[in-house]
Amino acid sequence: MSERRRPAPIDRPVAMTVAGSDSGGGAGIQADLKTLEALGTFGTSAITSVTAQNTQGVDSIHPVPLEEVRAQIESIRSDFAVEGAKTGMLGREPVIREMTTHATEMDAPLVVDPVMVAATGDRLLDPGAETAYEALIGEATLVTPNVDEAEILTGVDVEDVDDLHAAGERLREMGAPAALVKGGHLNTDDGAVRDAFVGPTETTTFTHPRVDSTATHGSGCTLSSAITARLAQGDDLLDAVTAGIEFMTRAVRYPLDVGAGPGSVHHLVSIRDRAAAPSTQEAVEDVVATLVREDARPLVPEVGMNVVGATPYAESVEDTVGVEGRISRTETGIRTTRGTRFGASSHVARFLLSAREHDPALRFAANVRCDAAVASALETLDGPVVEIDRTQEPRADEEGSTMGWAAGRAFEAAADTPVAIVDEGAVGKEPMTRVLATDAQTLTERLLGVLDALEDRSEDNAV
């Protein structure tokens with residue numbers, strides 16, 4: 001007799017995307033479904049066009065007949081309780097009008113991404129269909145054009161951040177309750193990317209560092225899908241937009257090196273990062289356990305020691321795990337009081353994140369005592385050791401940190417990635433040495449190497 005297992009169904013919100021297919025997998029329906037799944041929704045799809053494209057461009061576009069687009073949407077709506085929907089490449093006026101009809105009937109938030117021109121410059125919308133968008137925009141919860149699309153839809157020439165907001169206001173006048181005008185194509189004085197959110201009760205500008213990458217294929221689809229997923233799960237609009245921008249920023253920061261072109265954004269990056277969290281924490285705990293076992297008192301500064309690990313795609317302190325309360329010296333050894341926790345470290349975590357801006361392969365760091373003996377022991381390490389001159393440091397940022405400046409100066413001074421950075425300290429601050437590594441085992445070996453060198457020199461002095 002065969003055994004049968006009882007199923008354990010999982011309830012997930014359903015989202016629908018109506019867009020074109022990207023044979024290269026980086027944008028369109030493929031990007032939408034990956035993103036929707038990554039953010040905890042069940043994705044359904046109605047394909048409007050089949051495209052032959054890759055990371056280098058669009059080779060051909062084959063429109064799906066209107067009746068088949070209609071059949072797909074009706075099939076989804078007849079079976080699923082759609083709790084969030086989005087549109088991407090619609091391509092033709094009849095399809096836009098068809099989607100508008102369904103939008104008026106659906107009781108679900110709708111994100112309209114008015115895809116008109118691909119990032120490669122290829123035209124993805126019949127010029128005669130542009131005017132049809134006004135009715136669809138009037139049925140949307142949010143419309144998410146880039147600069148080029150916003151200019152086409154509103155007639156506003158977008159040259160600065162004020163123009164982004166002006167275009168957003170114009171889109172609201174067209175009937176959209178809210179607009180997110182994406183400024184990735186806009187040149188700014190500081191090089192940062194600014195997106196303008198114009199909503200029914202508030203406006204805001206999202207600012208984030210520009211990633212020096214051309215692997216942005218699929219970024220617009222990813223952003224609108226991420227927002228849709230959060231709306232389907234019940235987030236309010238501004239929270240959904242904020243989370244969507246954070247998700248997309250990480251996906252662009254860690255692109256996939258695929259194809260002969262620039263590559264693709266990493267739609268599953270957040271899932272991969274969350275999956276690596278337990279092993280990252282275990283690795284930090286193993287390093288700490290080794291230091292306790294080996295009695296690493298000579299390495300511990302007066303302010304205490306911390307060992308920090310970053311997940312592979314870390315973007316913030318909350319993506320790093322450290323020792324809560326730090327490692328302290330006792331008369332008989334070293335100890336920790338409260339274990340490890342994500343977000344537990346401040347200074348060492350921010351320093352590690354700053355160093356990762358120069359070498360993203362770095363994932364682990366520790367702060368150790370800084371004096372003449374440690375400086376001499378650092379000579380045993382298998383890489384460059386850099387000393388920072390803090391007399392030229394700038395004013396601290398809003399978090400009271402100059403970690404970014406310090407890491408930048410260290411990497412400027414080293415031909416290769418530094419294995420340790422000696423910081424003589426600002427006025428009134430204890431000098432500190434920070435040891436860096438790409439993995440926990442290497443960090444352990446470097447710390448024990450310094451410890452062994454200190455003990456050898458101590459024995460020599462005693463003799």
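Given the conditions (1) within 19 Å of the chain's Cα centre (by Cα); (2) under 30 Å from G43 (Cβ atoms); (3) hydrophobic (A, V, I, L, M, F, W, C), and given that A150 satisfies all but one, which numbered condition is not satisfied?
(1)
As an exercise: evaluate G24 against (1) under 18 Å from V115 (Cα atoms); (2) not in a loop (DSSP other than H, G, I, E, B) and give the number of the one condition it does not meet.
(2)
Can you name every one of the strands (runs of 3 or more DSSP E) wholly within the range 42-94 that holds 2 or more residues which are touching a helix residue (DSSP H, G or I) at 6+ places or on another chain (Cβ under 7 Å) and either over 20 Å from R230 (Cα atoms) or open to solvent by less than 70 Å² (accessible area, probe 1.4 Å) (or both)?
42-53, 82-87
Among E37, E67, which is closer than 23 Å to A251 by Cα and among the charged types (D, E, K, R)?
E37
Considering G184, G168, G244, which residue is in contact (Cβ under 8 Å) with a residue 24 or more places away in the chain and either surrounded by 22 or more Cβ atoms within 10 Å (Cβ to Cβ) or under 23 Å from G84 (Cα atoms) (or both)?
Within the list G184, G168, G244, the selection yields G168.
Yes or no: F411 over 20 Å from A289 (Cβ atoms), modelled with pLDDT of 90 or more, under 32 Å from the mean Cα position of the chain (by Cα) and surrounded by fewer than 22 Cβ atoms within 10 Å (Cβ to Cβ)?
Answer is yes for this residue.
Quick check on my filter: what residues within the range 263-282 are open to solvent by 20 Å² or more (accessible area, probe 1.4 Å) and closer than 28 Å to L378 by Cβ?
Scanning the range 263-282 gives Q281, E282.
Look through T222, T154, T203 and report the one residue that is free of Cβ contacts under 8 Å to residues at least 40 places away in the same chain, polar (S, T, N, Q), open to solvent by less than 30 Å² (accessible area, probe 1.4 Å) and out of contact with any Asp or Glu (no Cβ under 6 Å at 6 or more places or on another chain).
Going through T222, T154, T203 in turn, the sole match is T154.
Are any of the residues in the range 12-34 out of contact with any Phe, Trp or Tyr (no Cβ under 7 Å at 6 or more places or on another chain), among the acidic types (D, E) and open to solvent by 30 Å² or more (accessible area, probe 1.4 Å)?
For the range 12-34, residues out of contact with any Phe, Trp or Tyr (no Cβ under 7 Å at 6 or more places or on another chain), among the acidic types (D, E) and open to solvent by 30 Å² or more (accessible area, probe 1.4 Å): absent.
Residues checked against (1) buried (at least 22 other Cβ atoms within 10 Å of the Cβ); (2) in contact with a Ser or Thr (Cβ under 7 Å, 6 or more places away or on another chain); (3) assigned to a loop (DSSP other than H, G, I, E, B); (4) modelled with pLDDT of 95 or more:
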{"site": "P301", "(1), (2), (3), (4)": "no, no, yes, no"}
{"site": "P312", "(1), (2), (3), (4)": "no, no, yes, yes"}
{"site": "V321", "(1), (2), (3), (4)": "yes, yes, no, yes"}
{"site": "G325", "(1), (2), (3), (4)": "no, yes, yes, no"}
{"site": "R335", "(1), (2), (3), (4)": "no, yes, no, no"}
{"site": "S345", "(1), (2), (3), (4)": "yes, yes, yes, no"}
{"site": "F351", "(1), (2), (3), (4)": "yes, no, no, no"}
{"site": "A361", "(1), (2), (3), (4)": "no, yes, yes, yes"}
{"site": "S376", "(1), (2), (3), (4)": "no, no, no, no"}
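Just give me the residues in the range 363-374 being open to solvent by 50 Å² or more (accessible area, probe 1.4 Å) and within 37 Å of the chain's Cα centre (by Cα), in sequence order.
R363, R369
The values are calculated or read from the model by the stated rules, or taken from the named source; none is laboratory data. Fair warning: this is a prediction, and the values are worked out from it, not measured in the lab. Neighbour counts are summed over all protein chains in view; Cβ atoms, including those assigned to glycine, are modelled from backbone coordinates with ideal geometry. The accessibility values were calculated without ligands, DNA or RNA, using every heavy atom of the protein model including side chains. Shrake-Rupley method; radii C 1.70, N 1.55, O 1.52, S 1.80 Å.
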